[in-house]
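Just so it is clear, none of the values below were taken in a lab; they were calculated from the coordinates. What you are looking at is a predicted structure, and each value in this text was computed from that prediction instead of being measured. A quick note on method: Cβ atoms are made from the backbone with ideal geometry, for glycine too, and the neighbour counts reach across all protein chains shown.
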Amino acid sequence: MNLAAIVLAAGQGTRMRSARAKVLHELGGEPIIARAVRTITSLGAGPVIVVVGHRAREVEAALSARYGRDQLVFALQEPQRGTGDAARAALAALPADFNGNVLIAYGDMPLVSEKTLDRFLAAHRESGAKLSFISIKLADPKAYGRVVRDEKGGVSRIVEHRDASESDRAIDEINTGFYLVDAAFLRVALDELQPNNAQNEYYLTDLVAIARAHGLGIAAWIANDRAEFAGINSRMELAEMEATIRESTCRKLMEAGVTLIDPASAFISEEAEIAPDCTIGPNVQILGRTKIASGVTIEGTAWLKNVTIGRGTLLKLGVRAEDAEIGDECEIGPFANLRAGTYLEGRNRIGNFVETKKAHIGRGTKASHLSYLGDATIGADTNVGCGVITVNYDGYEKHHTEIGDRCMVGCDTQLIAPVKVGSDVYVASGTTIMREVADGTLVMSHHPQREKPGWMATWRERHGDSPDGNGKRERE
């Protein structure tokens with residue numbers, strides 16, 4: 001059966017107290033709406049129409065970067081006059097000849113699972129109803145819309161809390177806002193909507209009364225897991241949901257054989273893949289589609305995003321890496337920064353205060369401390385000394401550095417790109433390399449050492465200081 005989807009994401013979210021659109025606040029390392037859209041696209045729905053309003057271009061850009069503009073259609077709701085008005089805006093983007101069901105969902109309810117929506121779809125199809133919606137039962141329904149049933153138990157209407165009577169407010173069954181609607185009926189019903197309510201808005205909940213007036217079948221599918229339908233309206237709710245997701249993710253990883261030294265301080269993306277027999281220390285963020293092979297140890301205080309890590313690698317304290325690939329049996333850190341485009345073939349040592357960017361580093365090569373390796377290709381079994389810099393930027397363009405196999409690059413060397421250093425080259429410390437170096441060469445650029453005997457005494461005398469340090473020298 002054909003299925004389209006409408007995702008409502010036009011609201012400002014005033015309780016967030018933010019200039020940013022509510023659905024763009026991050027949850028589990030990604031925008032709130034990205035989670036909701038991912039679940040809906042997994043159902044095979046098409047088209048998926050996202051209704052935008054507040055900060056529309058920013059919401060479009062965030063989703064397009066993740067899904068591409070060919071997967072999603074955007075509809076603008078301006079001004080925002082309720083959920084029914086939002087669905088009207090989406091209807092204009094639905095092909096006129098579409099014949100099937102339309103799923104209506106919310107961009108700020110990110111915990112609803114694919115499994116739950118699959119069951120809802122199955123129940124809707126089995127019922128033969130033209131309109132179905134998901135309801136849940138709450139001991140304290142608070143300000144949610146109530147599901148009003150007739151004497152036979154059939155759904156007669158949904159009433160918003162603001163418009164509900166005292167008897168209506170005593171009802172414990174509430175509407176979640178998720179609907180499945182026959183497309184032909186949706187077109188008719190949205191045309192009949194009227195803003196006859198306290199907010200002077202067009203409510204989607206009125207679809208139920210319209211369907212009943214047309215004598216059409218209505219089904220309320222009661223979901224078992226109430227927690228899935230929690231929405232996010234404030235910073236507090238965002239933090240609470242973050243904690244819920246984090247706890248669930250950590251529990252699943254530990255059950256699968258991953259050691260988390262301090263689960264309470266581990267922020268791990270649900271998209272991350274971590275193999276058994278890994279050990280994750282405290283204060284670690286593992287974001288995006290990071291993949292970690294077995295036997296990896298992360299000591300702690302690390303930030304990783306979209307990183308692939310090979311078997312048996314050790315990440316010491318304070319490692320940061322993004323869009324990088326780290327091979328097997330590497331030793332990284334402490335305090336190393338692997339920027340986008342870094343690729344380590346394996347058995348590499350990238351030590352403290354080393355930064356890499358777009359660097360392909362061969363197997364067994366080491367850069368132990370205080371170096372910058374950017375836009376570079378380095379061969380196997382090369383040693384990069386302390387303070388080595390690939391000088392890759394001329395103020396307008398980035399240039400490439402190439403270093404061969406089995407080289408010894410001495411401390412405080414600058415390689416002025418574009419430049420190529422062959423294999424088996426020994427670079428003396430303090431060298432500036434500006435042109436190609438052939439294989440097997442010793443290269444140096446030392447200046448003669450100059451000395452002035454007795455100069456220090458004159459310097460001290462000039463400043464009223466004595467050799468024993470008890471003079472007038474100003475001390476900080």
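Numerical summary
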| read-out | value |
| --- | --- |
| Footprinting exposure proxy for Ser42, Ser269, Ser234 (fewest neighbouring C-beta atoms within 10 Å first) | Ser42, Ser234, Ser269 |
| Cα gyration tensor category, rounded, prolate or oblate, for region 6-60 with a/c compared to 1.5 | oblate |
| Inter-site label distance for His463 and Asp439 at 7 Å from Cα along Cβ, in nm | 5.3 nm |
| Rounded, prolate or oblate (a/c below 1.5 giving rounded, otherwise prolate when a/b exceeds b/c) for region 327-387 by Cα gyration tensor | rounded |
| Phi-based couplings in Hz for region 177-191 (Karplus 6.51, -1.76, 1.60; Gly and Pro marked x) | x, 8, 10, 10, 10, 4, 4, 5, 5, 4, 4, 5, 5, 5, 6 |
| Student exercise, the chain dipole from Lys, Arg, Asp, Glu Cβ charges, in Debye to nearest 20 | 520 debye |
| Environment charge at Ala34 (Cβ cut-off 10 Å; Lys +1, Arg +1, Asp -1, Glu -1) | +1 |
| Set Lys130/Lys252; Lys115/Lys305; Lys22/Lys398 screened for pairs whose C-alpha atoms are more than 30 Å apart | Lys130/Lys252; Lys22/Lys398 |
| Mean ellipticity per residue at 222 nm, deg cm²/dmol - from DSSP H runs of n ≥ 4 across the chain, formula -39500 (n - 2.57) | -6000 deg cm²/dmol |
| Dipole of the chain, positive end: most advanced residue of Leu63, Pro448, Gly374 [Cβ charges, Cα centre] | Pro448 |
| Integer Hz, Karplus 6.51/-1.76/1.60 couplings in order for region 54-65, x for Gly and Pro | 5, 6, 4, 5, 5, 5, 4, 5, 5, 6, 5, 5 |
| Per DSSP, loop trypsin sites (Lys or Arg not before Pro) in region 119-180 with at most 10 further Cβ within 10 Å | Lys142, Lys152 |
| Euclidean distance between Cα centres, region 110-135 to region 1-18, Å | 18 Å |
| Cα-based equivalent ellipsoid, region 213-259: semi-axes from gyration tensor eigenvalues, Å | 35, 18, 6 |
| Expected-Rg normalisation [2.2 N^0.38 Å, Cα atoms] applied to the chain | 1.37 |
| Computed magnitude of the charge dipole of region 70-175 (debye, nearest 20; Cβ of K, R +1, Cβ of D, E -1) | 200 debye |
| 3J(HN,Hα) from dihedral phi, region 101-113, Karplus parametrisation 6.51/-1.76/1.60, rounded to Hz, x for glycine, proline | 9, 10, 8, 10, 9, 10, x, 10, 10, x, 8, 5, 8 |
| Residue order, fewest to most surrounding Cβ atoms within 10 angstrom, among Leu3, Leu442, Leu344 | Leu442, Leu3, Leu344 |
| Label-point separation in nm, Ala19 to Ala184, each point 7 Å along Cα→Cβ | 5.0 nm |
| Cβ-based exposure ranking for Thr356, Thr441, in which fewest neighbours within 10 Å come first | Thr441, Thr356 |
